[in-house]
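Heads up: the structure comes next, in structure tokens.
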Amino acid sequence: MHTHLICQSITKRGRRCTMCFDMRFERTALYAHENGFPVITSSLGISRWKNMAQINDCGHRAAAPYDDLEYWDFNWRKGGGSNRMIEISKREHFYQQEYCGCAYSLRDTNNFRRSQGREPIKIGVKYYGDDEE
């Protein structure tokens, strides 16, 4: 069965996210190996909405087949990392994505928002700091 068909029915933060992280980390690990990068990591863990152990497990699993590659599982939340990310994002007026980026997450988030009487997400229009202007 195609991955996208499996992902349609799987809940967030579960198997669907693991499949997505695995796919991305496997490609990253291959690129790093082929281009001589000794370490890979991810900033996904800075989000308080993500499961850091899940992300790190996927990173370690992707790096494992390559003797010359290591996954660095740094805790980006430590020392106020999440707050610092928001501070920099507001200052630089970065785009604030309101879902993880997965089409199924967008679908599920919009269904939830509608059930709460809220507008669906409008992609590409919300930036950090907009709510303060």
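Things to note:
- If only residues of the stretch 11-52 that are aliphatic (A, V, I, L, M) and either touching a His at 6+ places or on another chain (Cβ under 7 Å) or in a helix (DSSP H, G or I) (or both) are counted, the one that is farthest from Arg84 (Cα to Cα) is Leu30.
- Taken over the stretch 113-126, the criterion of being at pLDDT 90 or above and either in a strand (DSSP E or B) or under 20 Å from Ser47 (Cα atoms) (or both) is satisfied by Ile121 alone.
- Per-region count, the stretch 9-43, residues surrounded by fewer than 18 Cβ atoms within 10 Å (Cβ to Cβ) and either at pLDDT below 85 or among the basic types (Lys, Arg) (or both): 9
- Taking (1) under 12 Å from the mean Cα position of the chain (by Cα); (2) β-branched (Val, Ile, Thr); (3) modelled with pLDDT of 95 or more in turn, Ile46 satisfies each apart from (3).
- The set of residues in the stretch 70-82 being of a type in the set (S, T, N, Q) and not in a helix (DSSP H, G or I) consists of Asn75 alone.
- When the stretch 53-69 is filtered for residues that are of a type outside the set (Gly, Ala, Ser), crowded, with 17+ Cβ neighbours inside 10 Å and not in a loop (DSSP other than H, G, I, E, B), the ones remaining, listed by number, are Ile55, Asn56, Asp57, Cys58.
- Scope the stretch 83-112; condition assigned to a helix (DSSP H, G or I), surrounded by 15 or more Cβ atoms within 10 Å (Cβ to Cβ) and not hydrophobic (A, V, I, L, M, F, W, C); matching residues: Ser89, Lys90, Tyr104, Ser105, Asp108, Thr109, Asn110
- Hey, Ser42 in contact with a Lys or Arg (Cβ under 9 Å, 6 or more places away or on another chain), of a type outside the set (D, E, K, R) and closer than 15 Å to Thr18 by Cβ or not: yes
The values are calculated or read from the model by the stated rules, or taken from the named source; none is laboratory data. Computed from a predicted structure; not experimentally measured. Please note: Cβ atoms are built from the backbone with ideal geometry, for glycine as well, and neighbour counts cover all protein chains shown.
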